[in-house]
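The values are calculated or read from the model by the stated rules, or taken from the named source; none is laboratory data. All figures in this text were calculated on a predicted structure; none of them were measured in a lab. For neighbour counting, all protein chains shown are included, and Cβ atoms are generated from backbone atoms with ideal geometry for every residue, glycine included. What goes into the accessible areas is simple: the full protein's heavy atoms, side chains included, and nothing from ligands, DNA or RNA. Shrake-Rupley method; radii C 1.70, N 1.55, O 1.52, S 1.80 Å.
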Amino acid sequence: MASDWLGSLVSINCGPTLGVYQGEVAFVDQTSQTISLRHPFHNGIKCPVPEVTFSNSAMDIKELKILDIRNGNARNSTSASAYVGSAPVAVPKGDPRPMENVNSPQHCSKSYGDRHLDVPGQPKGFRRRHNSWSSSSRGANQATPKKNGVKNGQMKHRDDECFGDGMDEGLDTDFDFEGNLALFDKAAVFSEIDTSERRNGARSRGTPQEQTPSRYRHDENILEAKPIVYRQITVPQPAKEYCTDSGLVVPCVTYELHKRLLLAAERHGLSLERRLETGVCASQMALTLLGGPNRFTPKNLHQHPTVALLCGPHVQGAQGISCGRHLANHEVEVILFLPNFVKMLDSVTSELTLFSKTCGKQVSSVKDLPDTPVDLIINCLDCHENTFLMDQPWYRAAADWANQNRAPVLSLDPPASGQRLAVEAKWSLSLCLPLALAEGAGRVYLCDIGIPRQVFQEVGIKYHSPFGCKFVIPLHSA
């Protein structure tokens, strides 16, 4: 009778698609050839539904095994030696009654929780989770678990579908690193790379002896480009040549050519008043020489630097006054020395008017200059044309004071080497293009005053700016 097997523990193999189910027999219908399991387990994991029904007519059942016989009537209807144990017993598909002819009794000491995991066809260490299949999505030819609307079971079912599976059994095997590394021929690969690079003209990856040793600066481009032309400025009859930090050649010009260049620029709109604003570049250089950002900070308000300006009644003197005005605006204590003259150039008068609006001090006598050393002396006494000024008493007195003060001297737009220098300078700042200066001019710097390139071409100078990103650059003897 079919009712004899109610309560027995069975294992039903539904093939590789549906897997293996274990559970307690709850209902057997011989007419429709269906069997229902109570508290089912699917592939070792408890199902979220309380009962699952299998149909033999739909070919759900591939194999049925008896794990344990719980019904007393069925046990009494068989021989005493047939069903003492609970070892899995295979029976023909669709008919549970032929199990009465089985004669292989065994006693199993395992608990039910251990026995239902020992499913034939699975590895002994198999403990991986599998997706729980919903009976509503399997179609008519698959098992149809019954649902009784348990909300928690539905949520667990969704979690298992999302997170239950995703790993292959092949991951259980360790990766053979040594074996795969042995397959990589490092020498052959690098040889192929070297051959390809030599064919394409790239630099070789060869041994250190094969490579060309080279050292680059942090601002130097290592990619090959067009050959660099260092002589980008050519002038007629250069007397002397300098070079910049980047190696560009800057030739000197004569005073006559320099004067022609300034007159040509003035005809095109670069007037003398606009040229006097080169005092900005001179003041920037002076601020750097005084200490730059290390000196000019809010914490050093009690240590304002002192600068003495020695100016004459000419264009160079007007440039010096413009420089002093900018320095005074940067909290520098400026002392301007300029003798009293009956008549001065309009450029000097206008610059004095602007300087008087600053906190700078103007003196006309050497006696009013400081007796103690100052931080910097800016010399604007010399002129390119009026050499007779060097014989004036005020000039000699100012030059003697500068030589005895022991402060470093910055000479602004000094004359060419044909004139003797009364004040020996540590630095000299030339405008546009340098003149051939005397030995006492010190280290030479060059200032950009904004003359366009075509103006240089008008006076016969092939010019390309050597300043780069700066307005004041140092020059070195070539």
- request: Specify which residue in the list HIS304, PRO238, THR278 is farthest towards the positive end of the charge dipole of the stretch 236-364, using unit charges on the beta carbon of Lys, Arg (+1) and Asp, Glu (-1), about the Cα centre.
  value: HIS304
- prompt: Taking a probe of 1.4 Å, how large is the accessible area per residue of the stretch 240-477, in Å²?
  reply: 48 Å²
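For ARG38 and THR234, calculate 0.36 nm times their separation in residues minus their Cα-Cα distance, and state this gained length in nm to one decimal. Let's see the in-between values first.
Details: separation 196, 0.36 × 196 = 70.56 nm, distance 10.45 nm.
Gain on extension, ARG38 to THR234, equals 60.1 nm.
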task: Using a Förster distance of 60 angstrom, determine the FRET efficiency expected from the C-beta separation of LYS426 and ASP176, and round it to 0.05.
output: 0.20
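Calculate, in nm to one decimal, what ARG396 and CYS469 gain on full extension: separation in residues at 0.36 nm each, minus their alpha carbon distance. Please report the intermediate quantities before stating the final value.
Working: separation 73, 0.36 × 73 = 26.28 nm, distance 3.96 nm.
Extra length from ARG396 to CYS469 when fully extended: 22.3 nm.
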- prompt: Cα centroid distance between the stretch 410-447 and the stretch 240-306, in Å?
  reply: 12 Å
- prompt: From the phi of every residue in the stretch 268-285, what ³J(HN,Hα) in whole Hz does the Karplus formula 6.51 cos²θ - 1.76 cosθ + 1.60 yield, where θ is phi - 60° and glycine or proline is x?
  reply: 8, x, 8, 6, 5, 4, 6, 5, 5, 6, 4, x, 4, 5, 5, 5, 4, 5
query: Once the Cβ-Cβ distance between VAL280 and ARG215 is put in as r, and R0 is 35 Å, what FRET efficiency do you end up with, to the nearest 0.05?
result: 0.40
- prompt: Between MET59 and LYS361, how many nm apart are label points set 7 Å from Cα along the C-beta direction?
  reply: 11.5 nm
statement: For the stretch 8-68 the mean separation of alpha carbon contacts under 8 Å (6+ apart) over residue count, i.e. relative contact order in percent, is 38 percent
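Give the accessible surface of the stretch 8-68 per residue, rounded to a whole number of Å², with probe radius 1.4 Å and ligands, DNA and RNA excluded. Please list the in-between numbers first.
Numbers: 2250 Å² over 61 residues.
Value for the stretch 8-68: 37 Å² per residue.
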- prompt: Which of the chymotrypsin sites (Phe, Trp or Tyr not before Pro) found in the stretch 323-430 are in a DSSP loop and have at most 15 neighbouring Cβ atoms, other than their own, within 10 Å?
  reply: PHE341
- line: Share of accessible surface on carbon and sulfur in the stretch 277-417, whole %, 1.4 Å probe and ligands ignored, is 51 percent
message: With a 1.4 Å probe and all protein chains left in place, how much of the accessible area of the stretch 8-68 comes from carbon and sulfur atoms, in whole percent?
response: 54 percent
